[in-house]
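Read-outs: derived from the displayed coordinates by stated rules, not from any lab. Please read all numbers here as calculations on a predicted model, not as lab measurements. Virtual Cβ from ideal backbone geometry, glycine too; neighbours counted across all protein chains shown.
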Amino acid sequence: MALAETFQSIVDALPDDWTDLELDVRIEDETRYVNASVYLSTVNAQPYSKHDWHWAILVAHRFGHAAAAPAVHGALKLLDDAGLDGELQVREVRSGRTEVVQMWGRPESVRQEFKKIRSQ
């Protein structure tokens, strides 16, 4: 299965309230490591040194300091299109967290609307 398809199946299997996903990526042909790094730099993939996996990718669902899931899917699709085979491994999934937003000075209607949107 292609990397992008594998990633999509991982995301589809997650509960709706997932917030963060940590993935490890490894390519089969290590001679093309630099080529793959160019594609994965768009999602801020962090290289491992002296490790059996090549990169770690942090993925955010709706908010957070990580790459958006569609951007990660696109980067992995670029690897697939370039003929770079590899594999993914889920390291950690976090769910149930909400973003912290400064509500001081905002009317109650804004607070209620924010609460309604985030509870879905």
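Figure the gain on full extension for Arg111 and Phe63 (residue separation times 0.36 nm, minus the Cα-Cα span) and round it to one decimal in nm.
The span from Arg111 to Phe63 would gain 15.5 nm if fully extended.
Exposure proxy check: Thr6, Thr31 ranked by fewest other beta carbons within 10 Å?
Fewest-to-most ranking of Thr6, Thr31: Thr31, Thr6.
Magnitude of the Cβ-charge dipole of the chain, K/R +1 and D/E -1, about the Cα centre, nearest 20 debye?
Magnitude of the dipole: close to 780 debye.
If one takes the longest principal axis of the Cα atoms in the chain, at what angle in degrees, from 0 to 90 and to the nearest 10, does the Cα axis of helix 108-118 lie?
Taking the Cα atoms of the chain, the angle to 108-118 is about 30 degrees.
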